[in-house]
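One structure is given below, encoded as structure tokens.
The values are calculated or read from the model by the stated rules, or taken from the named source; none is laboratory data. Just so it is clear, the model here is predicted, and its values are computed rather than measured. Using ideal geometry, Cβ is built from the backbone for each residue, glycine included, and neighbour counts are taken over all protein chains shown. Just the protein is used for accessible areas: all its heavy atoms, side chains included, with ligands, DNA and RNA removed. Shrake-Rupley method; radii C 1.70, N 1.55, O 1.52, S 1.80 Å.
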Amino acid sequence: MTTFDIPSLDDVQSTVPESDSLPGRCVPYHLSAGEGERYQLGGQLLTVIARPQDTGGQFGAAYVYGGAGVETPFVQHSDEFRFLYVTDGRLQVWLPGETNVLVAGDAVSIPPGTPYAYRMLAHRTRFLSWLTVGDGHSWGAASGTATPSHVFDISADQKVSDARQSELAAQYGVRVLDLEKKDLPSSPGSILPQSNSAYVLRAGEGDRWASMDQLNTYLARSRNTDSTYFAMHTSGGKSPYIPLHFHRQHTENFFCLEGRLLLHANGKEILLTKGDFLHAPAGTVHSFSFASHSTQMLGLLTTGVFEKFFEYMNRPTEAHIHVEGGDMTFPGEGFGRARAELDLEVVGPPPTTGQ
């Protein structure tokens, strides 16, 4: 098993986030849309934005970009969960007993050992791929060809034979399966299951909690991922920074889906727009604010120790969109409970924009 050097909290807090390069160790960093390690792979562009060595072995992440007709065989991962979030186009996904067509905002969660396959149905389809180990992306990188390009080449041939691809897959805990893609019933995709079974979640669905002009929607909960991570979609209007804080036991990862997201990390202010990503490992002193109306953010947090924060700070709702001009009172009681019970250490007031 690979071991990774985990910096101390002091080391993390003293590191100013790097921009547009992978650090090779578990410290804060930021990538603009399109940056990362890029590989051509069977008509797809795989852009790796987080590797196990960048995250202390906690996860890997990549954007997958391709054109209509690109597809994969059935595969299964031996020891890692996979979470896909579609940002553009249409993606057909096969899971045991069901076939689903996903559009922007839809998500799918795939536990270890679950066979699945996908086919891109629209030109310029793109999705975020999250793996709780990251080995699957390493397999993709090993099977593909490094490229300086930021767009896919639909005519690119797969340069690795099926036999060699299966051999490479086995090295990274992935198994290629010879299964037929059948038309099967689709899932309603409206609720999160109570276990770690595979599921599809349609845009806007999930467990929803609201307050302070924001809507927070769980796309994956700890019960769905064996507590390895949880996924939160947040949408809202302009909002001020929250108090500066850090965490000792978990990592936060911010993906800007729409609008403008301001992150303050270890004294550096960073603006995220669509496709940008910031990794804030345990120890990072940080805060965020929404700098434009109708901003959307995807948060992927490892592990699941901080999940209850959003319930302490919000109230349950059946709404599918945030309410503008609602109750802007800061939930002090919930925040106090979070500080007492959860992995939250406040170190200062909200930062000033432009600081």
Please give the solvent-accessible surface of Cys26 in Å², to the nearest 10, using a probe radius of 1.4 Å with every protein chain present. 10 Å²
Segment 52-152 - charge dipole about Cα centre, Lys and Arg +1 at Cβ, Asp and Glu -1, debye rounded to 20: 300 debye
If one computes the Cα centroid of segment 208-229 and of segment 70-111, what distance in Å separates the two points? 19 Å
Which aspartates and glutamates, if any, have their Cα less than 12 Å from the Cα of Lys268, not counting same-chain residues under 8 positions apart? Glu18
Straight-line reach check, Lys238, cutoff 17 Å on alpha carbons, 8 or more apart in-chain or any other chain, hits among lysines -> Lys274
Could you tell me which residue out of Ala170, Leu215, Ser186 lies farthest along the dipole of segment 167-221 toward its positive end? Charges go on the beta carbon: Lys and Arg +1, Asp and Glu -1, centred on the Cα centre. Leu215
Along the charge dipole of segment 277-355, pointing to its positive end and built from +1/-1 on Cβ of Lys, Arg, Asp and Glu, which listed residue (Ala319, Phe306, Ser287) has its Cα farthest out? Ser287
With only alpha-carbon atoms in the gyration tensor, what are the semi-axes of the equivalent ellipsoid for the chain, in Å, largest first? 33, 23, 19
Ignoring ligands, DNA and RNA, please state the percent of accessible area on the chain from carbon and sulfur, probe 1.4 Å. 51 percent
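So what is the accessible area of segment 23-87 per residue, in Å², with the probe set to 1.4 Å? Show your work: numbers first, answer last.
Values: 1580 Å² over 65 residues.
Here the residues of segment 23-87 average 24 Å² of exposed surface.
Would you mind working out the magnitude of the charge dipole of the chain relative to its Cα centre, with +1 at each Lys and Arg C-beta and -1 at each Asp and Glu C-beta, to the nearest 20 Debye?
Details: 26 positive and 39 negative charges, 73 e Å.
In total the dipole reaches around 360 debye.
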From phi via Karplus (6.51, -1.76, 1.60), per-residue ³J(HN,Hα) for segment 136-152 in Hz, x at Gly/Pro: x, 5, 5, 4, x, 5, 5, 7, x, 10, 4, 9, x, 6, 10, 10, 7
Placing unit charges on C-beta atoms (Lys and Arg positive, Asp and Glu negative, everything else neutral), compute the dipole magnitude of segment 1-117 about its Cα centre in debye, rounded to 20. 300 debye
Of the options His77, Pro52, Ser143, report the single residue whose Cα projects farthest towards the positive end of the charge dipole of segment 18-174 (beta-carbon charges: Lys, Arg +1; Asp, Glu -1). Ser143
Starting from the residue with the highest accessible area, list His250, His233 in decreasing order, probe 1.4 Å. His233, His250
By a straight-distance test (C-alpha under 16 Å), which aspartates and glutamates pair with Lys181 as possible cross-link partners, with residues fewer than eight away in the same chain excluded? Glu71, Glu98
